[in-house]
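The values are calculated or read from the model by the stated rules, or taken from the named source; none is laboratory data. These numbers were taken from a predicted model, which means no experiment stands behind them. Reconstructed Cβ throughout: ideal geometry from the backbone, glycine too, with neighbour counts over all protein chains shown.
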Amino acid sequence: MTNKKNILAIIGSASSISSNLRLVEKIASLTSKEFNLTIYNDLKTLPHFDPELSDNPPKQIIEFRKNIEKADGIIFCTPEYVFSIPSGLKNSIEWCISTTIFSDKPIGIITASASGQKGHEELQLIMKTIMAKFTDETCLLIQGIKGKFDEQGNLTDKETEKKIYVFTNALINLIN
């Protein structure tokens, strides 16, 4: 048996009750034997990116970067806002550009939204640009996410659940 991997899941949504958060909570329960999964759902509290502070960032940014650095892998789970990634997610990535913390870092990208195609492509392009490590199998687009949960927040779509298993197994293989 292999050791559990430390995974940081970054939620791109600014909503505290987002479908993306519910999806990551489902992933955490499905992968509890493989992952120690920490959910980061506080992007809206990070200060706006200031390139003049990039080398001497605020305390929140130092902590955010440390969380990324010590993780064996990262899962981004985000909606698409106006055919793009949410501004809070983009802001958090911009705070990391002057570092190499994403270089060769195994990542999984989940875009869970109404459509999500453009935002999904954009996040993959950004991650490729900053040299994060991912594969087609560690990228998952889930369209129509709100209809895949019941009123109690349970994932009810079996096809999505199967895709999550494929995604998480691919992420485990990428990390190992």
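Key figures for this structure:
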quantity	calculated
Subset of region 4-23 [of a type in the set (A, V, I, L, M, F, W, C), in contact (Cβ under 8 Å) with a residue 60 or more places away in the chain and crowded, with 18+ Cβ neighbours inside 10 Å]	Ile7, Leu8, Ala9, Ile10, Ile11, Leu23
Residue in region 117-133 that is over 11 Å from Pro79 (Cα atoms) and among the basic types (Lys, Arg) present	yes
Residue within region 143-150 that is touching a strand residue (DSSP E or B) at 6+ places or on another chain (Cβ under 8 Å), at pLDDT below 95, of a type outside the set (Gly, Ala, Ser) and in a strand (DSSP E or B) present	yes
Subset of region 99-135 [of a type in the set (Gly, Ala, Ser), assigned to a strand (DSSP E or B) and touching a Pro at 6+ places or on another chain (Cβ under 8 Å)]	Ala112, Ser113
Test for Lys44: is it closer than 30 Å to Glu161 by Cα, in contact (Cβ under 8 Å) with a residue 24 or more places away in the chain and touching a Gly at 6+ places or on another chain (Cβ under 7 Å)	yes
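This table checks each residue for (1) crowded, with 18+ Cβ neighbours inside 10 Å; (2) closer than 18 Å to Ile27 by Cβ.
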residue	(1), (2)
Phe102	yes, no
Leu125	no, no
Lys128	no, no
Asp136	no, no
Cys139	yes, yes
